[in-house]
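Participant: Have a look at the structure that comes next, please.
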Amino acid sequence: MAAARKFFVGGNWKMNGNRSSIEGIIANLNKSEVSIETDVIVAPPAVYLDYTKQTIQSGIKVAAQNCYKESKGAFTGETSPAMIKDIGLEWVILGHSERRHVFGETDQLIGEKVGHALSEGLQVIACVGELLSDREAGNTNEVVFKQVKAISENVKDWSNVVIAYEPVWAIGTGKVASPEQAQEVHNDLRVWLSDQVSVDVAQSTRIIYGGSVNGANCKALAKQPDIDGFLVGGASLKPEFVDIINARQ
Ligand code: 13P
C-alpha cells in the first residue's frame with residue numbers, strides 16, 4: 001500500500017539563516033536533481049518566504065512555518081493563510097513541537113488553525129509527537145492520538161493534509177528514533193485513522209517522520225512501510241538535504 005503514497009520530504013529551516021546563507025541553500029537545491037517521485041517542500045522563516053518562492057526551482061514548494069486562525073485583523077505579529085496564499089504558497093506547517101512547547105500552543109488552537117488554513121485552501125503539514133516523559137511513562141499513543149484527534153476534528157478533506165510524527169526527544173538532539181520505533185507509531189497512527197476516520201484516509205494519508213533525520217540515517221527509516229517521508233530540521237540547511245530527498249531512490 002505504501003507505494004500509493006508519494007514520498008514527501010520537507011525542510012523546516014526554523015528560525016535559521018540570513019539572506020546570504022539562504023541564497024546558498026537555494027543555489028545548491030536549484031542545481032540538484034530532485035526526483036519527480038518525491039514531493040519536496042522547504043519552510044523558511046516568514047521574512048524570507050517571498051524571496052525563497054521567487055528564487056527556488058519550481059519543483060520545490062515553499063511552506064510557511066506557522067499561521068494564525070483568522071484571515072486578517074488586529075493580531076500583531078501574526079500571518080494569515082490568506083497572506084500565505086497571496087504570495088503564491090500552498091503549504092503551511094502547523095502544530096510543530098516548538099509551537100506547542102516554546103509558545104504554548106494547545107491542541108485546541110492547533111486544531112482551529114488547521115481548520116482555518118484548510119478552509120482558505122492551504123495544504124497542511126500537521127505535527128504531533130510525545131515528550132520523552134510521555135514515552136517513558138508508556139503514554140506515547142495516548143498523547144499522539146489526542147493531538148491527532150484535535151487536528152482530525154478540523155479536517156474535511158484529508159488529501160490536503162500530511163501528518164508529521166516528530167517525537168520531541170528526537171528533535172534537534174541527534175537522538176533519532178530507530179526505524180522500528182518510528183514505524184510502530186506511524187502504524188499506530190494509521191490504525192487510528194482507519195478506526196476514527198476511514199480505511200481510505202488511513203491508506204492514502206502521508207505520515208512523515210521528523211527528529212534528527214540526516215543523510216546517514218534516512219535510508220533505513222525510508223524503508224519502513226508506514227514512513228512516507230521526512231520533516232527535516234538541522235540537516236535541511238545542509239547539502240545532505242538532497243540525500244534525504246532521494247532516500248527512497
Ligand atoms: P531536527 O531534524 O533538527 O531534529 O528537527 C526536526 C524538526 O523539528 C523538523 O520540523
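The values are calculated or read from the model by the stated rules, or taken from the named source; none is laboratory data. Here the structure is a predicted model, which is why all the values come from computation and not from measurement. Heads up, the Cβs are rebuilt from the backbone with ideal geometry, glycines too, and the neighbour counts pull from every protein chain shown. These accessible areas exclude ligands, DNA and RNA; they are computed on the full protein's heavy atoms, side chains included. Shrake-Rupley method; radii C 1.70, N 1.55, O 1.52, S 1.80 Å.
Participant: From the list Glu130, Glu166, Glu153, which residue is surrounded by fewer than 22 Cβ atoms within 10 Å (Cβ to Cβ), in contact (Cβ under 8 Å) with a residue 24 or more places away in the chain and touching a helix residue (DSSP H, G or I) at 6+ places or on another chain (Cβ under 8 Å)?
Facilitator: On the way: Glu130 fails: surrounded by fewer than 22 Cβ atoms within 10 Å (Cβ to Cβ); Glu166 fails: surrounded by fewer than 22 Cβ atoms within 10 Å (Cβ to Cβ).
Being surrounded by fewer than 22 Cβ atoms within 10 Å (Cβ to Cβ), in contact (Cβ under 8 Å) with a residue 24 or more places away in the chain and touching a helix residue (DSSP H, G or I) at 6+ places or on another chain (Cβ under 8 Å) holds for just one of Glu130, Glu166, Glu153, which is Glu153.
Participant: Still on this model: Give me the pairs, please: first residue somewhere in region 48-74 and on the phi < 0 side of the Ramachandran plot, second residue anywhere and among the aromatic types (Phe, Trp, Tyr) and buried (at least 21 other Cβ atoms within 10 Å of the Cβ), beta-carbon distance under 6 Å, and either six or more positions apart or on two chains.
Facilitator: Cβ pairs passing all conditions: Lys61/Trp91; Ala63/Trp91.
Participant: Select from region 208-234 the residues that are open to solvent by 10 Å² or more (accessible area, probe 1.4 Å), small (Gly, Ala, Ser) and within 14 Å of the ligand (Cβ to nearest atom) and write down the one among them that is nearest to Gln181 (Cα to Cα).
Facilitator: Ranking the candidates gives Ser212 first.
Participant: Right, next: What tally of residues in region 31-48 results from selecting those that are open to solvent by 60 Å² or more (accessible area, probe 1.4 Å) and closer than 21 Å to Gly229 by Cβ? Walk me through how you get there before you give the answer.
Facilitator: Filtering region 31-48 down to residues open to solvent by 60 Å² or more (accessible area, probe 1.4 Å) leaves 31, 33, 36-37, 46-47.
Within this subset, residues satisfying the condition of being closer than 21 Å to Gly229 by Cβ are 33, 36-37.
Result for region 31-48: 3.
Participant: Now a separate question. Could you please let me know if Ile125 is in contact (Cβ under 8 Å) with a residue 40 or more places away in the chain and not in a loop (DSSP other than H, G, I, E, B)? Steps first, please.
Facilitator: Numbers: in contact (Cβ under 8 Å) with a residue 40 or more places away in the chain: yes; not in a loop (DSSP other than H, G, I, E, B): yes.
The answer is yes for Ile125.
Participant: Would you please name the residue that is nearest to Leu237 (Cα to Cα), looking only at residues in region 15-30 that are surrounded by 17 or more Cβ atoms within 10 Å (Cβ to Cβ) and within 16 Å of the ligand (Cβ to nearest atom)? Lay out the reasoning, then the answer.
Facilitator: Here is the first cut: in region 15-30, the ones surrounded by 17 or more Cβ atoms within 10 Å (Cβ to Cβ) are 17, 22, 25-26, 29.
Cutting the leftovers down to within 16 Å of the ligand (Cβ to nearest atom) gives us 17, 25.
Working: Gly17: 8, Ile25: 7 Å.
So the residue we want is Ile25.
Participant: Continuing with the same structure: Can you tell which of Ala182, Ala177 is assigned to a loop (DSSP other than H, G, I, E, B), within 13 Å of the ligand (Cβ to nearest atom) and either over 18 Å from the mean Cα position of the chain (by Cα) or of a type in the set (A, V, I, L, M) (or both)? Before you say what the answer is, go through the steps one by one.
Facilitator: Numbers: Ala182 fails: assigned to a loop (DSSP other than H, G, I, E, B).
Only one candidate qualifies: Ala177.
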